[in-house]
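K.L.:
The structure follows.
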Amino acid sequence: MIYMGSNFSEILSEFLELKHLTKTEFAKRIGVKPSQVSEWIKGKAKPAYDMLRRMSLAFNVSADYFLGLKDGF
C-alpha cells in the first residue's frame, strides 16, 4: 500500500498493479510510448504537468493521488 509522501515511481507502479494494466496499455491511454512509462517507473524521469493532467483525466484519478498528496484514487 502506498502512503502519502511516496515517490511517483512507487505510486505509478502500484497504480498499474491495482488496475491490472501493463505499461503498454497505460501508455496507449495517455498517448506516450511504453518506454516513457518505464522511465517513470525506474525513477529516471517524471511526467510534466500536461502528462500528469492526461493521466488524471484518462483514468478519472485525482492528480493529488499521482503526486502522493492523497492516499486513494
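The values are calculated or read from the model by the stated rules, or taken from the named source; none is laboratory data. Keep in mind the model is a prediction, meaning the values are calculated, not measured. For neighbour counting, all protein chains shown are included, and Cβ atoms are generated from backbone atoms with ideal geometry for every residue, glycine included. Surface areas here come from the heavy atoms of the whole protein model, side chains and all, with no ligands, DNA or RNA. Shrake-Rupley method; radii C 1.70, N 1.55, O 1.52, S 1.80 Å.
K.L.:
Can you tell me which of (1) assigned to a helix (DSSP H, G or I); (2) surrounded by fewer than 16 Cβ atoms within 10 Å (Cβ to Cβ) is the one residue 72 doesn't meet?
P.N.:
Failed condition: (1).
K.L.:
Sort out which residues of region 32-63 are within 14 Å of residue 11 (Cα to Cα) and open to solvent by 70 Å² or more (accessible area, probe 1.4 Å), and write them in order of number.
P.N.:
42, 46
K.L.:
Next question. Go through region 36-66 and give me each residue that's over 11 Å from the mean Cα position of the chain (by Cα), of a type in the set (Lys, Arg) and assigned to a helix (DSSP H, G or I).
P.N.:
Selection gives 42 alone.
K.L.:
Out of the residues in region 18-31 that are assigned to a helix (DSSP H, G or I) and open to solvent by 30 Å² or more (accessible area, probe 1.4 Å), state the one that is nearest to residue 6 (Cα to Cα). Even if it seems obvious, please write down each step before you answer.
P.N.:
Taking region 18-31 and keeping what is assigned to a helix (DSSP H, G or I), we get 18, 23-30.
Those left that are additionally open to solvent by 30 Å² or more (accessible area, probe 1.4 Å): 18, 23-25, 28-29.
Values: 18: 16, 23: 20, 24: 23, 25: 23, 28: 25, 29: 24 Å.
Residue satisfying both the conditions and the ranking: 18.
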